[in-house]
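J.: Let me begin by handing over the structure; questions about it come next.
The values are calculated or read from the model by the stated rules, or taken from the named source; none is laboratory data. As the structure is a prediction and not an experimental result, all values here were calculated from the model. Neighbour counts run over all protein chains shown; Cβ positions are idealised from the backbone, glycine included.
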Amino acid sequence: MDYQQIPDTMMLPLPYIKIAIFEETKALFDDRPHVLSKWKSVAYNEHTTLNEEQSLSFHALYKLITNGFFPSETLNKSMIKQVVQNYEKIIHTMLHNYIIQEFPHEEVNKSMNQETIEDVQENQYLLMNMDAELNLLRDIVSKNKPFTSDESGLLSTEIIDNKGNIRGLAEIRPANHQVPSLTTDQEKLWINLIESTLSSLDEMTADLFDLITYLWMSSPKNNEGYIEFHSNDALQLRNIKARSTSKDELDYREEDRFNIMKRVAALSSIWVSLNDEQIKVVDMQNLDNRDLYTFKDFQRMFEVGKMRVAYDKRSGEPKGIYALEIRPSSILTPYLEREKPSIGLLDLKVFQYNHYTQRLHKRMIRYLSYQWKIRITKKNLQQPFKISTLLNILDISSRYNGVQKRDLFESVLDDLQRDQIIGTWTYTETIDEARIGKTNWFKGYWSKLQVRILPTEELLQNNRNITEFASKLREKSIIEHFYQMNTNGNTYELTTQEMAVTTESTPIVKPKIQSKPLNFEQQQMQFVEEIVLTPDSVKKAMKDRKMSIRQSAEEIGISHTTLSRYLRGEIKRQNKKNDEKILKWLQINHN
């Protein structure tokens, strides 16, 4: 049959509904030929019934659209088209686990966070919770203060803030590695990761702490509060290059994946106890006397659930853990679930700096990001930083002398300015170079000086737009609602009001379809005389070349998510670089 000949407004019988759902959604999954091949055979099958045995994932897709978006409705092509256009992320997210179950080997390299990661790469920053206590907990994993063996034989460290106050204790408990529902193969791999816990506490582990908490805040969770973390998520942000495989496919090295996942295992091996009383200042010479302060019971920092393991196609031997379910424990969630969390920006380059040779850069970026959030709120960006405070944050090795420490300090700030992470930095007073190198010059003079470090204009502008994060949280809550409905054995069903808050596109109107007017600046941008850059002109070029959104985005050089949002009229902030890329692509493909 010729699907294009079916009128958009014709009410569809069941066999045609299957076909329409397949035809309208196939562009969303054009990077999964194994899925589309199976779906097509099921959709065009003459059977009037559809069940999970035919295809678990296509059955879930069918139920999502018919029962979730249009319960008890007779459908036409236009209704299905609008759902696919407006709720692409919901469709992707809801089908993820079904596709994994049906195609475990083909899907092991796929992350359900792909669009979120592409957003981060596009924006060049993560939205982070800048809560002071959360920053202290992150510092535990970056090994600023080493873990030492206590009287019970456990490796532990005190959580101390910049003022010298004891805020809690942290312990490494690799023996407490039990994860429910692991197969024998998975457990062996997990134990192998756990055994490297102590050597895995570094700046890269702090990167993963940030990434996992960001994904947990911005991604939908299942009914047990888990998100899925994939090793691809971190490798992609770190700009690790994939290599060609024997089948001319690109994939990451097993060593690179192992380096990521062993640090995730380390996060789950850290147990934390926070002060149960008001903060107390204790004698730093008598830290072993724990009667000086009281603590809550120890809790694991992160909890791990199900895992996804890759197996060698020839031998069948397990290669490694590629993805797992993870959630912050109750010791972290109060900071992540606050009604008005302190959201700030963390530059993406913190992930791309080397965790060993550029660890000082990473520490400086995190601290400045935290301080800038506070100072933007209080409107005191011009307030200088004490060099002694910054040196304490950097924790430069004692093997360096004073001159070397000063050089390192200034080099870090110069590098951050060169890489456009900071706007400018200057000393607040002229340095008396005659005092440098003299007795006690480092502690008695230079470290008491101050520097003024200002953010870039781009960061200030992005901070003003940070409220956009709320819309992502609304969309996430709707997807979690779907998860809950499905877990409870109910049919997918949302009210029109619930569906409307997931996007700024026009709510579904049946059967007449109304499109949302586009922002004028986005709709009409005349770059050259012959071609006007509009979503419609891009759609026409894609249609003429019979290209999907994903294929077009790859040719243009932007993310699939960005192009999809542009076509839907959801780009709130103009990006000149992206507009130029799209226009150039239009010019090349202009008929």
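J.: So, I436, is that one surrounded by 14 or more Cβ atoms within 10 Å (Cβ to Cβ), modelled with pLDDT under 95 and over 27 Å from L126 (Cα atoms) or not? Break it down stepwise before answering.
T.: On the way: surrounded by 14 or more Cβ atoms within 10 Å (Cβ to Cβ): yes; modelled with pLDDT under 95: yes; over 27 Å from L126 (Cα atoms): yes.
When the stated conditions are applied, I436 passes them.
J.: Say whether the condition of being of a type outside the set (F, W, Y), at pLDDT 90 or above, assigned to a helix (DSSP H, G or I) and closer than 19 Å to M94 by Cα is met by at least one residue in the stretch 5-17.
T.: no
J.: Taking the stretch 316-364, which residues are assigned to a strand (DSSP E or B) and more than 18 Å from the chain's Cα centre (by Cα)?
T.: First, pick out the residues of the stretch 316-364 that are assigned to a strand (DSSP E or B): 318-328, 343-347.
Within the stretch 316-364, P318, K319, G320, I321 qualify.
J.: In the stretch 396-408, which residue that is closer than 29 Å to E458 by Cα and out of contact with any Leu (no Cβ under 7 Å at 6 or more places or on another chain) is surrounded by the most Cβ atoms within 10 Å (Cβ to Cβ)? Steps first, please.
T.: Going through the stretch 396-408, the residues closer than 29 Å to E458 by Cα turn out to be 406-408.
Add one more test, that the residue is out of contact with any Leu (no Cβ under 7 Å at 6 or more places or on another chain), and what stays is 406-407.
Numbers: R406: 19, D407: 12.
Applying the filter and picking the extreme gives R406.
J.: Follow-up. Looking at the stretch 277-329, which of the residues that are modelled with pLDDT under 85 and among the aliphatic types (A, V, I, L, M) is nearest to E107 (Cα to Cα)?
T.: A310
J.: For the stretch 442-459, check the following and say yes or no: at least one residue is within 28 Å of the chain's Cα centre (by Cα) and surrounded by fewer than 12 Cβ atoms within 10 Å (Cβ to Cβ).
T.: Filtering the stretch 442-459 for residues within 28 Å of the chain's Cα centre (by Cα) gives 453-459.
Retained after the next criterion (residues that are surrounded by fewer than 12 Cβ atoms within 10 Å (Cβ to Cβ)): 457.
Checking the stretch 442-459: at least one residue is within 28 Å of the chain's Cα centre (by Cα) and surrounded by fewer than 12 Cβ atoms within 10 Å (Cβ to Cβ).
J.: Do we have S57 as more than 25 Å from I227 (Cα to Cα), in a helix (DSSP H, G or I), touching an Asp or Glu at 6+ places or on another chain (Cβ under 6 Å) and in contact (Cβ under 8 Å) with a residue 12 or more places away in the chain here?
T.: Numbers: more than 25 Å from I227 (Cα to Cα): no; in a helix (DSSP H, G or I): yes; touching an Asp or Glu at 6+ places or on another chain (Cβ under 6 Å): yes; in contact (Cβ under 8 Å) with a residue 12 or more places away in the chain: yes.
No.
J.: When you go through K89, K110 one by one, which is the residue that is among the charged types (D, E, K, R), more than 20 Å from I558 (Cβ to Cβ) and in contact (Cβ under 8 Å) with a residue 40 or more places away in the chain?
T.: K110
J.: Let me ask you something else. Mind checking which residues of the stretch 416-428 are crowded, with 17+ Cβ neighbours inside 10 Å and under 27 Å from the mean Cα position of the chain (by Cα)? Talk me through it step by step, then tell me what you get.
T.: Applying the first criterion (crowded, with 17+ Cβ neighbours inside 10 Å) to the stretch 416-428 yields 416, 421-422, 425.
Of everything in the stretch 416-428, those that are crowded, with 17+ Cβ neighbours inside 10 Å and under 27 Å from the mean Cα position of the chain (by Cα) turn out to be L416, I421, I422.
J.: Are there any pairs with C-beta distances below 9 angstrom linking a residue in the stretch 152-172 that is under 16 Å from L134 (Cβ atoms) to a residue that is hydroxyl-bearing (S, T, Y) and assigned to a strand (DSSP E or B), with the two at least 6 apart or on different chains, and if so which?
T.: Partner pairs satisfying both residue conditions: I159/S273; G168/S273; A170/S156; A170/T157; A170/S273.
J.: Any residue at all in the stretch 51-61 that is touching a Ser or Thr at 6+ places or on another chain (Cβ under 9 Å) and crowded, with 21+ Cβ neighbours inside 10 Å?
T.: So far as the stretch 51-61 goes, yes, one or more of its residues are touching a Ser or Thr at 6+ places or on another chain (Cβ under 9 Å) and crowded, with 21+ Cβ neighbours inside 10 Å.
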